[in-house]
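See structure below.
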Amino acid sequence: MKKAICLSIAASFCLHAANVELGTIEVEEKIETEVIKDVSNEEIKSADVAEGLTNESSSVWLVRRSGISNDIIVRGQKKDNINVTIDGTKVFGACPNRMDPPISHILTNNIDYIEMIEGPYNVEDFGVLSADVKVHTKKPTEETTGEVNLGFGSWGYKKASFNVSGGGEKVKFLLSGSTESGDQYEDGDGNDFVEQIAENGLDASPSQYQPKYQNLDAFEKKTIMAKMFWNIADNQELRLSYTGNRSDDILYPSTGMDALYDDSDVFNIEYSAKDLGKYSKALDVQLYQSTVDHPMSTLYRKAATDITKEMTHHLDTKTQGAKIKNSFDVENHTVTAGVDYSVRNWDGAFYKNGVFQYTSLYDVDTENYALFLKDTFRMDKLEWNLGLRYDDTEITSQKAGHPINDYSELNGYISGTYHADENTQYFAGIGKSSRVPDARELYIFMKGVQVGSLELENTINYELDMGIEKKFENATFKGKVFYSMLKDFIAYNSSKTSEFFENVDATIYGLELSGTYVASESLYFDYGMSYQKGKKDDPLIGQTSTNLPEIPPLKLNAALNYLYDESLTFRAEVVASDEWSDYDYENGEQEIDAYAVLNLKGTKQLNKNLELTVGIDNVFDSTYATANTYEDLTLLEAGEDIMLLNNPGRYVYTNIKFKF
């Protein structure tokens, strides 16, 4: 029995070209897709999705900015180069300094699983340049179920969450909520946020925290999610959902401002109908709206010791979208055709002591219309996937003199998976994708300087991917390689005095390995490794280096899992990285040391309703950093370098879960 359990768990770490069951949800996994399952149960020590993804996948790199609301890099790409959707809903952050990236507007306790499609292999969504991160939240059930979690950790971390679900065959409901808070964490040297600033020689600077605020909590975060699923008929369903996030006083020590609050609201309506006729196997309609309100301020810093000098940069963004798609079968082809529409509004302004100073973003609209078409068919052992998408995008600013930027692009891909036998498959794909500049890159105005470059080209990615997946009696293996040619990549040029963003051609290539090995009925291993290199074809204007920014070095995730019995499990996990030896030093990046961190976790099922988890992250209390200091972000200057924020030191946590 234990071997069956062990093999089942190990299988969740590998990919299959078939429908596999993840909990109560079926996900079509392909070799180019990575599925991170059961997120709410696996990532219980923190609600930060970015941190959870980093520990679960070697392909994801953490951009550490604070104790919560961190960002991610996938295949050397960040920002709008990664598409993030929550149940198909586009969510953008309001902060131009990435204090509230899209992935931060959903918490781990609300997530069922996450799909990551690496490469240009999604034509249904707008702006999928190099990776597509699809977050799938929990769904309501007919049977009445629920759970309550109470979590505690080092540095005053406290979290309470609940979810309850139930209904009947016709109507089902789900309600989920959480609250969490934490003090300033300490790095491996025992330095909290205030002390890390001081260690960088900035204790007397205007960016240090005022004495009366130096013991502030690092964050407080609350969320609620409500869903209703209505089976209108046997083949029709209406889904309504709302997610609200409220974050207060999030401290960003390596930045000169902190978020006074960060509020987001996500509304989603979905209608689906099955088997409507010969030419409609599945019809799906979606309407959504997401809003984010984000004021960041110097209120807690020495710069605002005189309250009349307190500066606030207040920004908000709203995205509205609609999508209609229809699937039908023609002989052995499954064809999906659809239309996609979205409009994002983004504006912001600076205030001194509550009095308006100047506008940074002049009510910018990014409006996109698109048509897409997909075809999937099989020829004996070879499965083909083809996709096309045509985008027409207009970006307008309300400031007089700002140009209207129009972009139109035809993107697509063709990929094939050869199923050599039931245990072996090979994958190859080639595709083209694009993303338009955002309002910050085009128009933002800061401290009397035009920071945005008014006439940027859109970035185009031409990419080739190949991979193999192999299943053995007691092991699995998957390997992938990719080569990406980026035309008009949008880079930041710190050598300029205005309009800092610049188009440049570049290449990124790399490999990813992952797999599992079942050693015995009680012991199994899982591992993942990623490596990539990136170069600009030519240096930026006024510079000499061709190193591409934000290209992480070699990363390894490896874990040993031990099942003592059906109620007691242990996991020992190593997350390691090589040093940053290739970096964009002319634009603020710096050398970062290699590191290896050991994390331990044990889970005991006390009875059918009660579960206890205890864990220790960074067992040896190492001092290390993961995020580099690219000047695309506004970070504190520490002498010739920019302040590097260290990750937490040894972190001890426990979680008690009650299910009913």
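Derivation of every value follows stated rules applied to the coordinates shown; laboratory data play no part. Only a predicted model underlies this, so the values are computations on that prediction, with no experimental measurement involved. A quick note on method: Cβ atoms are made from the backbone with ideal geometry, for glycine too, and the neighbour counts reach across all protein chains shown.
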Along the charge dipole of segment 2-659, Cβ charges K/R +1 and D/E -1, which of G431, T336, G528 sits furthest on the positive end?
T336
How do the peptides 494-501, 42-49, 305-312, 610-617 rank, highest first, by the average count of neighbouring beta carbon atoms within 10 Å per residue?
42-49, 610-617, 494-501, 305-312
Can you give the FRET efficiency for Y341 and A400, using 1/(1 + (r/R0)^6), R0 = 35 Å, r = Cβ-Cβ distance, to the nearest 0.05?
0.80
Multiply the residue separation of T634 and I414 by 0.36 nm, subtract the distance between their alpha-carbon atoms, and state the gained length in nm to one decimal.
75.3 nm
Find how much the distance from E169 to F472 grows on full extension, using 0.36 nm per residue of separation minus their present alpha carbon separation; answer in nm with one decimal.
105.0 nm
Compute the distance in nm between two label points, each set 7 Å from the Cα along the Cα-to-Cβ direction, one at E367 and one at E591.
5.2
Chain lengthening between L464 and K212 when straightened (0.36 nm per residue, less Cα-Cα):
85.2 nm
Say each of T544 and L612 gets a label point 7 Å from the Cα, pointing the same way as Cα to Cβ; how far apart are those two points in nm?
6.2
Using a Förster distance of 41 Å, how high is the FRET efficiency between L513 and K278, based on the Cβ-Cβ distance and rounded to 0.05?
0.40
Which of the pairs K278/K478; K45/K496; K325/K535; K302/K496; K78/K325; K79/K480 have their Cα atoms more than 31 Å apart in this structure?
K278/K478; K45/K496; K325/K535
Quote the relative contact order of the chain in percent (integer), defining contacts as alpha-carbon pairs under 8 Å separated by 6+ residues.
12
Taking square-rooted eigenvalues a ≥ b ≥ c of the alpha carbon gyration tensor, is segment 2-659 rounded, prolate or oblate, where a/c under 1.5 means rounded and, failing that, a/b exceeding b/c means prolate?
rounded
Packing rank of 619-625, 349-355, 244-250, where each peptide gets the mean count of other beta carbons within 10 Å, highest leading
244-250, 619-625, 349-355
Among 535-541, 340-346, how do they line up by average Cβ neighbours within 10 Å per residue, starting with the highest?
340-346, 535-541
Between Y242 and D582, how many nm apart are label points set 7 Å from Cα along the C-beta direction?
5.0
